[in-house]
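Student: Below you will find the structure I want to go over with you.
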Amino acid sequence: MDEFDESLDSIEVPKHSTTLSGLSVVCIVAAFTHIYTGNSSNAIGSIIIAICTGFFVLNPTFFSITLAMSSSLMYFIITSLIVIVTFTTVNILDMRDKTVLDLWAISLDAITAGGIFSIINHIWNSPSHKCNLFVPHWAILDGKDVSGNVWTPFNGIGRPIV
């Protein structure tokens, strides 16, 4: 955990905190758009993403980075599937104005959740977090240490990065 604390103390967190804060505000705006169109489930999802991201920006800990990464990834996948299914099965020209507005808000949710996940994953993979002190024996290839963080959860646990 010391390597992780060094990663959170590095320049990466303050460098991206403004962008993450801005994306949280975009999530709040999308939540109000969902409330206006009557889509309360996506409004709740947008608010949860904004709160998790804000919690990480204000208090960067292992719990907050894991919470923000997992919630933003889950919400990105769900909203992307909604957008893909809607665009492929429904004629958008026949929709009401509020429905089209809500579809654009869901698309905005997918983009912001993907952006939040991407930025936080970049912070997690920052160079100060790439430590080989605790590399397991299977991650050593031909007697040479693998440079990279083998413990990054979204790069595959137990798979060395070559």
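The values are calculated or read from the model by the stated rules, or taken from the named source; none is laboratory data. Remember, it's a predicted structure, so these values are computed and weren't measured experimentally. Please note: Cβ atoms are built from the backbone with ideal geometry, for glycine as well, and neighbour counts cover all protein chains shown.
Student: Look through the stretch 62-85, keep the residues that are of a type in the set (Val, Ile, Thr) and touching a helix residue (DSSP H, G or I) at 6+ places or on another chain (Cβ under 7 Å), and return whichever of them is surrounded by the most Cβ atoms within 10 Å (Cβ to Cβ).
Tutor: The extreme case among them is Thr79.
Student: Something else now. Looking at (1) surrounded by fewer than 22 Cβ atoms within 10 Å (Cβ to Cβ); (2) in contact (Cβ under 8 Å) with a residue 60 or more places away in the chain; (3) small (Gly, Ala, Ser); (4) under 25 Å from His16 (Cβ atoms), find the lone condition where Gly38 falls short.
Tutor: (4)
Student: On to the next question. Out of the residues in the stretch 59-70 that are touching a residue at least 40 places away in the same chain (Cβ under 8 Å) and among the polar types (S, T, N, Q), which is farthest from Asp109 (Cα to Cα)?
Tutor: Thr61
Student: Oh, and also: If you scan the stretch 36-46, which residues turn out to be assigned to a helix (DSSP H, G or I) and either over 18 Å from Ile77 (Cβ atoms) or touching a strand residue (DSSP E or B) at 6+ places or on another chain (Cβ under 9 Å) (or both)?
Tutor: Tyr36, Thr37, Ser40, Ala43
Student: Among all residue pairs at least 6 apart or on different chains, which show Cβ distances below 9 Å where the first residue, located in the stretch 80-98, is closer than 18 Å to Ile111 by Cβ and the second is aromatic (Phe, Trp, Tyr) and at pLDDT below 80?
Tutor: So the pair list comes out empty.
Student: Follow-up question, since we're still on this one. Looking at Lys130 and the list (1) surrounded by fewer than 19 Cβ atoms within 10 Å (Cβ to Cβ); (2) at pLDDT below 80; (3) out of contact with any Gly (no Cβ under 8 Å at 6 or more places or on another chain), which single condition is not satisfied?
Tutor: Failing condition for Lys130: (3).
Student: Right, another one. What residue, of Phe55, Phe87, Phe62, Phe76, is at pLDDT 90 or above and among the aromatic types (Phe, Trp, Tyr)?
Tutor: Phe76
Student: Given Ser24, Ser17, which one is at negative phi and surrounded by fewer than 21 Cβ atoms within 10 Å (Cβ to Cβ)?
Tutor: Criteria check complete, one pass: Ser17.
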